[in-house]
1. Using only Cα atoms, locate the centre of region 50-73 and the centre of region 2-33, then give the distance between them in Å, rounded to an integer.
2. Can you list, bin by bin at 5 Å, the percent of alpha carbon pairs in region 15-64, starting at 0?
3. I'd like the FRET efficiency for residue 25 and residue 99, computed as 1/(1 + (r/R0)^6) with the beta carbon distance as r and R0 of 35 Å, rounded to 0.05.
4. Above 19 Å lies some portion of the pair distances; for region 59-119, what is it as a whole percent of all C-alpha pairs?
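Bear in mind these aren't lab numbers, they're just calculated from the coordinates by the rules spelled out. As the structure is a prediction and not an experimental result, all values here were calculated from the model. Positions of Cβ are backbone-derived with ideal geometry, glycine not excepted, and every protein chain shown enters the neighbour counts.
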Amino acid sequence: MKFTAEQLTFIKAKFNSLTSREMFDHLLVNFSFDKCYTSFRTECYANGFYKCEMRRWSAEEKKFLLDNYQTMGNVAIAEKLTKKGRIFTKKQVQKQVRLLKLKRSPENLQFILDQNKLSGIYSKANYKRWERMKNPASIINEIAVEDPAKEILITVIINDKIRLKVKPGTDVEKLKSEYISAIENNWEAGLQ
């Protein structure tokens, strides 16, 4: 399949202002284009029209990944590769590991975790979670409602299983102590 001169002129003129789907629909209606969307995109690529450019991993980058995937985490590998040139993300490293069918053993994963802990990567990880566990009646989030007629409620954790929605300004500590004492009283009443 080849684009006609008219079709190519239209694509060149509108490539940066329309999506691929919009150009395809326009070609169907105005140019009696009779191919499928996939064929349209393939022909666009063949003519040098890219919405995003696919970048391949170089042999050096693949070698670095193969040499280090057992001893470094994906984030660390991405950071090291980024220092060498183009920008890499954790997701790109994950995908390349999957494409190369590389596997990490449980020992490798534990080594990487220990290494990350020693280097301080996890020094502030889960800080909020641990703070909530120390103070279970902490406020988690506000639910903002756009309709002013509705009330804004705050979710409060009483314990692992109990969450309450309360109005702002409620004394959380008092609520927690009342709720826990009521639970304890019911528990003691059930034992008698």
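1. Region 50-73 and region 2-33 have Cα centres spaced 35 Å from each other.
2. Computed distribution, short to long bins: 4, 18, 22, 20, 9, 8, 7, 6, 4, 2, 0.
3. For residue 25 and residue 99, the calculated efficiency is 0.55.
4. When every Cα pair of region 59-119 is considered, 24 percent fall beyond 19 Å.
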